[in-house]
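**Student:** Handing you this structure, nothing more for now.
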Amino acid sequence: MADTTAGGKGRRREREEPAVGETAPAVEAEGAGAAEPTGPAAATRWLSSEEREAWLANSAIMISLPAALDARMQRETRLTFFEYMVLSVLSEEPARTLQMSDLAARTSASLSRLSHVVGRLEKRGLLARARIPGPGRRTNTTLTEAGFEEVVAAAPGHVAAVREYLMDELEPHELSTLRRIGAAVDAAIKRGKLDPASGTSGPGSS
């Protein structure tokens, strides 16, 4: 941002805008001292430089890795990455069947997103849905034989991508750390979903 100095000579001085991110924004002192931050900013636990670097590196995993897996999956198969995950989870279950709410939890998806994808896969003959008798709106989703063949055909390419983009870049001792981090983040997210103040109570009852 450029300011014009007094005196009418049109001279300009450059002032850097404070960066807005996860670290505490710098406060430019005017005169003898700087005003203390107030409101939510005062209570914010800003990230340290080391924490911010770790967060940005992890953000690359969260954003870039799913996109890379999805692009590769669609090049090599007729599935998206999420569609593959849905079929894969069902393929490992007894009778290749799960209740929709359990399938949503296993794939870390909302029921609305899962329902949309399951409906699309059902039209292709890869899945079948059936209402569960009794009270409530409960639905089972079953992997069909065609769906099983689809996921079996796609699995080698998916595993190759996971190894290329992630596993082969890690040292053996780092796997336990990666597993611990994943479990800790998953648990924190689930706690947030169950928090009454968040206005949510879980993936639903379908």
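**Student:** Return the pair list, or none, for Cβ contacts closer than 9 Å from residues in the stretch 77-89 that are open to solvent by 10 Å² or more (accessible area, probe 1.4 Å) to residues that are aromatic (Phe, Trp, Tyr) and modelled with pLDDT of 95 or more, at least 6 apart or on different chains.
**Tutor:** Listed pairs, sorted by first residue: THR77/TYR84.
**Student:** Going by the conditions given, is GLY125 at pLDDT 95 or above and surrounded by 11 or more Cβ atoms within 10 Å (Cβ to Cβ)?
**Tutor:** It is true that GLY125 is at pLDDT 95 or above and surrounded by 11 or more Cβ atoms within 10 Å (Cβ to Cβ).
**Student:** If you don't mind, another one. Going through the stretch 70-106 one residue at a time, which ones are among the hydroxyl-bearing types (Ser, Thr, Tyr) and in contact with a Phe, Trp or Tyr (Cβ under 7 Å, 6 or more places away or on another chain)?
**Tutor:** SER91
**Student:** Then there's this: Looking only at the stretch 109-142, how many residues end up being under 17 Å from VAL89 (Cβ atoms), in a helix (DSSP H, G or I) and of a type in the set (S, T, N, Q)?
**Tutor:** So the answer is 1.
**Student:** Looking only at the stretch 77-99, count how many residues are in a loop (DSSP other than H, G, I, E, B) and within 21 Å of the chain's Cα centre (by Cα).
**Tutor:** Applying the first criterion (in a loop (DSSP other than H, G, I, E, B)) to the stretch 77-99 yields 77-80, 92-93.
From what's left, within 21 Å of the chain's Cα centre (by Cα): 79-80.
So the answer is 2.
**Student:** Considering each residue of the stretch 48-76, count those that are open to solvent by 40 Å² or more (accessible area, probe 1.4 Å), closer than 25 Å to THR144 by Cα and either in contact with a Ser or Thr (Cβ under 7 Å, 6 or more places away or on another chain) or not in a helix (DSSP H, G or I) (or both), and give that number.
**Tutor:** The total comes to 2.
**Student:** Residue under question is LEU103, and the condition is that it be assigned to a helix (DSSP H, G or I), of a type in the set (A, V, I, L, M, F, W, C) and out of contact with any Lys or Arg (no Cβ under 8 Å at 6 or more places or on another chain); does it hold?
**Tutor:** yes
**Student:** Looking at the stretch 108-122, which of the residues that are at pLDDT 95 or above and surrounded by 15 or more Cβ atoms within 10 Å (Cβ to Cβ) is nearest to ILE189 (Cα to Cα)?
**Tutor:** LEU114
**Student:** Collect the residues in the stretch 45-66 that are in contact (Cβ under 8 Å) with a residue 24 or more places away in the chain and small (Gly, Ala, Ser), keeping them in residue-number order.
**Tutor:** If the condition is that a residue be in contact (Cβ under 8 Å) with a residue 24 or more places away in the chain and small (Gly, Ala, Ser), then SER48, SER49 are the ones that fit.
**Student:** If ALA146 satisfies every condition in (1) open to solvent by 70 Å² or more (accessible area, probe 1.4 Å); (2) under 23 Å from MET100 (Cβ atoms) but one, which is the exception?
**Tutor:** Among (1) open to solvent by 70 Å² or more (accessible area, probe 1.4 Å); (2) under 23 Å from MET100 (Cβ atoms), ALA146 violates only (1).
**Student:** From ALA105, ALA95, ALA130, grab the single residue that is of a type in the set (A, V, I, L, M), touching a residue at least 40 places away in the same chain (Cβ under 8 Å) and surrounded by fewer than 15 Cβ atoms within 10 Å (Cβ to Cβ).
**Tutor:** So the residue among ALA105, ALA95, ALA130 that is of a type in the set (A, V, I, L, M), touching a residue at least 40 places away in the same chain (Cβ under 8 Å) and surrounded by fewer than 15 Cβ atoms within 10 Å (Cβ to Cβ) is ALA95.
**Student:** Please verify whether the stretch 48-69 includes one or more residues that are touching a His at 6+ places or on another chain (Cβ under 9 Å) and closer than 25 Å to LEU143 by Cα.
**Tutor:** Yes, some residue in the stretch 48-69 is touching a His at 6+ places or on another chain (Cβ under 9 Å) and closer than 25 Å to LEU143 by Cα.
The values are calculated or read from the model by the stated rules, or taken from the named source; none is laboratory data. Keep in mind that what you see is a predicted model, and the values were worked out from it rather than measured. All Cβ positions, glycine included, derive from the backbone under ideal geometry; neighbour counts span all protein chains shown. Calculation scope for accessible area: heavy atoms of the full protein, side chains included, ligands and nucleic acids excluded. Shrake-Rupley method; radii C 1.70, N 1.55, O 1.52, S 1.80 Å.
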